[in-house]
Each structure stands twice: as C-alpha cells, then as structure tokens.
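Q: The following block contains the structure, expressed as structure tokens.
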Amino acid sequence: MDRLYADHNATSPLRPEAREAMMRAIDLGGNPSSVHGEGRAAKRALEDARESLARILECGADAVTFTSGATEALHLAMESAKAMGFGPVYVSSIEHDAVWSYAVKLWPEAQLIPVNQGALLDVAWLSQELDNQRGQPLVIAQGANNETGATQPLNAISTRVRAAGGALLCDAVQLLGKVSVAQFAGLADWLVVSSHKIGGPMGAGALIAAPGIDVFNGRAGGGQERGARSGTENVAAIAGFAAAATVACDDEAVQAYQDLTSQTRHAFELPVATALSGVDFVSHAVRRLSNTSCLLVDGWEGARQVMAMDLAGAAVSAGSACSSGKVKMSRILKACGYTDSAASSSLRASFGWSSRIEDGARLAEIYLEAAARAGRKVTTQVA
C-alpha cells in the first residue's frame, strides 16, 4: 500500500503547476541581474512572479521582497524593525523557532505575550501593556501556529497595535492558502509567506512590507531585490512559488481546501477520540486551521509515536520540522501550560491539497494500531 503523507505543515508536495513553471524558468538560463537577453528574460520571469504574488496578497509589487525562504524573510523583518528603532518589543510565546531564537537575541528585554492552553494569544493582556507603554511598540505575532493550528485574531491585534502607534510583524506562513487572503492582507507592517507550505518548491519566500516601512539589508553583496537583500534570486523557485500561489490562494480554492481538509481531519480525529483513552486534542476548543490536528497522549513520547507511524507507512511529525531532524519537547505546548511529560508526548497530523478524505480514516487506523502496540488503552477493536 502507498505511504500516507500527513505532514503538510512541514512541506506540502509540489503542485504540478509549480513544477511546470519551474521548468520554464530553468530553461531561460540567465541571471536576472545580467543585462543581456538571457538575463532580461530571467528578470522578466522574476518580475512577473512578483506582480502575481502582489495581486494575490493585495499589495503593490514594490512591497514584495523575495528571499530564500521564510527564515530569511523573518530575520530581514526583525532587523528592519530594529534599525527603525521600534520598541518596546512584545513577542508571542508560541512563535516558530525561526522568529523566537532571533528575536530574543536582538531584544533580550522583549516581553512575552502569554497564551491559553489552546495556544490563543491573550489579547487583553497585550492591550493593557500597549496602553501603558511609551515609544513605538513592536508586536511579533504568528498568524497561525504550525504545531497546533490555532489561528490568532489578527484584526484585533493589528487594530490595537496601530492605535498605540506601533508596528506588527506577522509570520503568515501557515495562513497562506489555508484561509482567505482578506483575513490577513494589509494587517501587518511586515508579513512573511513561504513557497513550500502551499505546494511550491523549497527555497523561496517573501517579505511584504507596508507603505512607509523599510526593509533593512545588513549584509554586503550585490544588493538584489532593490537593495533589500544580497544574493542572486532563485528564479525557478520563485516562479514555482507564484504558480502555486495562483492556484492555491483565490477564495474558491481556499474554500475547497478547507472542505477537503476539515473532512479528512474529522475522519482522523473522531475514531481516535472515540477509541483511545487519555488522548487530548490541543487547540480543539479555539479557532484553528482546518487541516491541522495536534494530539497528545501523556507518557507516550512524541518521537516514538512518529517512528511507529513511519514504520507503519505514515508520515506525521512531532512539533516543528525545522530543528535539524530532532524531535524534542514542544516549547509551544510548554508555553500553553502543559507539563514537561505532556509537552514531550505530542503528534501533529496535517493534511493538504493532495490529501484524500479517506486518508483520515486510514491514518486513524494506523495510529490506533500503533497505540495498541505501545501498550496504550484502545477501547474499540482495531482492524
């Protein structure tokens, strides 16, 4: 039987439209910084992709800076905020490591925005802090959490930040293609998106800057992307990114994605919740992405769960996939108030554009069989 892939929040398989766009760009053969014909053709492909992504994200093409991925874009945004003198700084306690590790380095004095057990930001706490601060505050808040799927009230957060005269930096990597662009476009001063989360290739991301907001390049080099970064653009990956975004991000496509993934997730969660004793679905009581299921069984180590599922033919994850292949205690679940034992016992299944509804039921069957083998209490017969 074919392997079952349920790790779309880490990387979503390449869409055929993205592959075709990449092959066309590869065949161009030129460097977009060169002035000869081949270079101009590559430059045109680059700018076509920029204009396409700008239309999708409802911004001007000059607001789009292409990068090697979300991590570079996030670091550019934080460096820009630092250079522009924003502060005090408030960082969500459940940010991705790409944000978290660099933010605490740039701003050791940054304050952490608390979250509830469902990974939802405490907006009331943030509002009170913003009312009492002096200066131009910077708030760093992820749009949707990569581990739990919890989505944040970005409109309310953005309104409060701007009323306080501050700026908002939003990691929207998990939002793109999963919710309507209208739910987050224009709400952040720096917005970051990534290609490989929506079925585009790895190696491409983008930073979207609001009017009047700078992108500061602290690295020497060729000054590509209108001086915002240095390094030759990966034209093929960027072309694939734009192609994937074109087919994934219009409202009709997003609705179809939500219908497919919510049914698939339900087909997974219902039998597991019914059969497995002691299972906890994180963020089930708050608004979350339709494709994401984060569950934990306290005492059953997440790494062992992932290995058992892999051996049984299913690809899932425990926490973030951006930690050099390591599975460790979830910092996110710790921030949500879970114990060390529980935070080490999570598994994430995330579905996507290539999933089938029947994948949910099959994944549940595989998971319950693995749980039974691990000595967990399964209360129904597992086929």
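Q: Just going by the charge dipole of the range 179-299, with Lys and Arg at +1 and Asp and Glu at -1 on Cβ, which of Gln224, Ala273, Ile238 is farthest out on the positive end?
A: It is Gln224, whose Cα lies furthest towards the positive end.
Q: Give me the percent of the accessible area of the range 133-203 that comes from carbon and sulfur atoms, probe 1.4 Å, all protein chains in place.
A: 52 percent
Q: Same structure again: Could you please state how large a percent of the accessible area of the range 1-99 is carbon and sulfur, counting protein chains only and using a 1.4 Å probe?
A: Here it works out to 53 percent.
Q: Going from most exposed to least, what order do Ile332, Ile56 have by accessible area with a 1.4 Å probe?
A: From most exposed to least exposed: Ile56, Ile332.
Q: Roughly what percent of Cα-Cα pairs across the chain reach past 37 Å?
A: Counting every Cα pair in the chain, those more than 37 Å apart make up 22 percent.
Q: Which angle between 0 and 90 degrees, to the nearest 10, do you get for helix 97-106 versus the longest principal axis of the chain when only C-alpha atoms count?
A: 50 degrees
Q: Determine how large the accessible area of Asp214 is when every protein chain is in place; take a 1.4 Å probe and give Å² rounded to the nearest 10.
A: 90 Å²
Q: Here is a follow-up. Apply the Karplus curve 6.51 cos²θ - 1.76 cosθ + 1.60, θ = phi - 60°, to the phi angles in the range 139-154 and return the couplings in whole Hz, x for Gly and Pro.
A: Once θ is set to phi - 60°, the couplings for the range 139-154 become 10, 10, 9, 5, x, 9, 6, 5, 8, 9, x, 4, 9, 8, x, 4 Hz.
Q: Enumerate the amide H contacts of Arg288 below 5 Å, restricted to partners 5 or more residues apart or on another chain; note that Pro and chain-start residues carry no placed amide H.
A: Distant-sequence amide H within range of Arg288: Thr151.
Q: Still on this structure, please answer the following. What value, in deg cm²/dmol to 500, does the helix sum -39500 (n - 2.57) over DSSP H runs of n ≥ 4 give at 222 nm once divided by the residues of the chain?
A: When only DSSP H runs of four or more count, the value is -12500 deg cm²/dmol.
Q: Then there's this: Around Asp27, what is the net charge, scoring Lys/Arg as +1 and Asp/Glu as -1 over all other residues with Cβ under 14 Å from its Cβ?
A: Neighbourhood net charge equals +1.
Q: Place a +1 charge on the Cβ of each Lys and Arg in the range 71-222 and a -1 charge on the Cβ of each Asp and Glu, then give the dipole magnitude about the Cα centre in debye, rounded to the nearest 20.
A: Value, rounded to 20: 220 debye.
Q: Could you give the size of the charge dipole of the chain about its Cα centre, using +1 on the Cβ of each K and R and -1 on the Cβ of each D and E, expressed in debye and rounded to the nearest 20?
A: Dipole about the Cα centre, nearest 20: 460 debye.
Q: Additional query: All other residues with a Cβ under 10 Å from the Cβ of Ala73 taken together, and with Lys, Arg as +1 and Asp, Glu as -1, what is their net charge?
A: -1
Q: Still on this structure, I have one more. With a probe of 1.4 Å, find how much accessible area the chain has per residue, and write the answer as a whole number in Å².
A: With all protein chains present, the chain gives 41 Å² per residue.
Q: Would you mind checking the tilt of helix 251-275 against the longest principal axis of the Cα atoms of the chain, expressed as 0 to 90 degrees and rounded to 10?
A: Roughly 30 degrees between the two axes.
Q: Rounded, prolate or oblate: which one fits the range 235-340, using the alpha carbon gyration tensor with axes a ≥ b ≥ c (rounded when a/c is under 1.5, else prolate when a/b beats b/c, else oblate)?
A: It is prolate, given that a/c is not under 1.5 and a/b is the larger ratio.
Q: Right, next: Assign one of three labels to the range 160-254, namely rounded, prolate or oblate, based on the Cα gyration tensor with a ≥ b ≥ c the square roots of its eigenvalues; rounded applies when a/c is under 1.5, prolate when it is not and a/b is larger than b/c, and oblate otherwise.
A: Since a/c reaches 1.5 but b/c is at least a/b, the shape of the range 160-254 is classed as oblate.
Q: Here's something else I'd like to know. Show me the ranking of peptides 58-71, 191-204, 229-242 by mean Cβ neighbours inside 10 Å, starting with the highest.
A: 191-204, 229-242, 58-71
The values are calculated or read from the model by the stated rules, or taken from the named source; none is laboratory data. Because the structure is a prediction, the values reported are computed rather than measured. Cβ: placed from backbone, ideal geometry, glycine included. Neighbour counts: every protein chain shown. Each accessible area value is taken on the protein alone, full model and side chains, heavy atoms only, with ligands, DNA and RNA left out. Shrake-Rupley method; radii C 1.70, N 1.55, O 1.52, S 1.80 Å.
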